[in-house]
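So the structure is just underneath, and the comments pick up after that.
The values are calculated or read from the model by the stated rules, or taken from the named source; none is laboratory data. Note that the structure is predicted; figures quoted are calculated from it, not measured. Here the Cβ positions follow ideal geometry from the backbone for every residue, glycine too, while neighbour counts run over all protein chains shown.
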C-alpha cells in the first residue's frame, strides 16, 4: 500500500526516533516509500542534536527510551521557540488511556500505539502534514 503525502513545500523532513534498530528501520522504510525525506536517531539526545541542526517537519518518537524518554523530548520540542512548530507523533507500546493523555499533555500532535498497522501510521503522518487533526 502506498500513501502519497502531498505537499506544496519542498520534500518534507521526518525524524524517526527509536532505540530499537529494527523499529527505526521498519518505520523509516515505511515512510520513505511515500517520498518523504527520512532521518533517524537512536535516542533523545541524538534527536535533540539533529533537531537543533535542522528542524524536521515531523518527528515520530518512541516513548520508552534510555537517557531521555519520548515525553521529555516532546516537551523540549514544543517548549523551544525554534522548534515548537515541529509536529510530534508519539509511537509507543504504552497503551493505557493515561499514557495517551499524558503524551498529548506534553504537546504531542498524535499518539499511535504499537503494534500499529502500517496504514494507521501513514494516515496519521499524512493528516498532520496536510494540517488536519489526526
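Name the helices (runs of 4 or more DSSP H) wholly within the stretch 62-134 that hold at least 3 residues that are touching a helix residue (DSSP H, G or I) at 6+ places or on another chain (Cβ under 8 Å) and surrounded by 17 or more Cβ atoms within 10 Å (Cβ to Cβ)?
Working: elements: 70-79, 97-105, 118-129.
Where helices (runs of 4 or more DSSP H) fall fully within the stretch 62-134 and carry at least 3 residues being touching a helix residue (DSSP H, G or I) at 6+ places or on another chain (Cβ under 8 Å) and surrounded by 17 or more Cβ atoms within 10 Å (Cβ to Cβ), they are 70-79, 118-129.
Here residue 36 meets the list (1) in contact with a strand residue (DSSP E or B) (Cβ under 9 Å, 6 or more places away or on another chain); (2) at pLDDT below 95; (3) more than 15 Å from residue 118 (Cβ to Cβ); (4) surrounded by 13 or more Cβ atoms within 10 Å (Cβ to Cβ) almost entirely, failing just condition (3).
Would you pick out the residues in the stretch 113-126 that are in contact with a strand residue (DSSP E or B) (Cβ under 8 Å, 6 or more places away or on another chain) and either without any contact (Cβ under 8 Å) to a residue 24 or more places away in the chain or farther than 22 Å from residue 85 by Cβ (or both)?
Across the stretch 113-126, the qualifying residues are 113, 114, 116, 120.
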